[in-house]
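Structure first, commentary second.
The values are calculated or read from the model by the stated rules, or taken from the named source; none is laboratory data. None of the values given here were measured: they were computed from a predicted structure. As a convention, Cβ positions derive from the backbone with ideal geometry for all residues, glycine included, and neighbour counts pool all protein chains shown.
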Amino acid sequence: MTTQFSGLVMGRAGAGGLRRATAARARELNEAFFKLFDTELVEAGKRLMADPGDSEAKVEFVTIYHMIIEGALALTGQSFVTHYLEREGRESDLKANSLTSCEV
């Protein structure tokens, strides 16, 4: 589904699939994005894996992943994509890829 979604929504269909689409999008991202995903999230995950009983490590990882990444970034992105496809009359793309509309 992710590769199909990438092709339909991100306009990155063709050879290379998701890897090519991800590499193409990486050039459009800023340093804060890489710091959040490649540093903060990774380090929080390592701390939690090193000591699964560490409550502070759990709270840090859950906060970064669920509250920031899913709660803010993913929902905002999903809302944008949903509203864009609805405006463009492409609701069938939403249904074909099991995406649901979210109200923000």
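From the list T76, T3, T22, pick out the single residue that is in contact with a Leu (Cβ under 9 Å, 6 or more places away or on another chain), at pLDDT below 90 and either over 24 Å from S92 (Cα atoms) or not hydrophobic (A, V, I, L, M, F, W, C) (or both).
Details: T76 fails: in contact with a Leu (Cβ under 9 Å, 6 or more places away or on another chain); T22 fails: in contact with a Leu (Cβ under 9 Å, 6 or more places away or on another chain).
After ruling out the rest, the residue left standing is T3.
Filter the stretch 29-73 for residues that are modelled with pLDDT under 90 and outside any helix (DSSP H, G or I) and give the result.
Matches in the stretch 29-73: L29, N30.
Return the pair list, or none, for Cβ contacts closer than 9 Å from residues in the stretch 62-75 that are under 17 Å from T39 (Cβ atoms) to residues that are not hydrophobic (A, V, I, L, M, F, W, C), at least 6 apart or on different chains.
Taking only residues 6 or more apart or on different chains, the pairs are I64/E40; I64/G45; Y65/G45; I68/E40.
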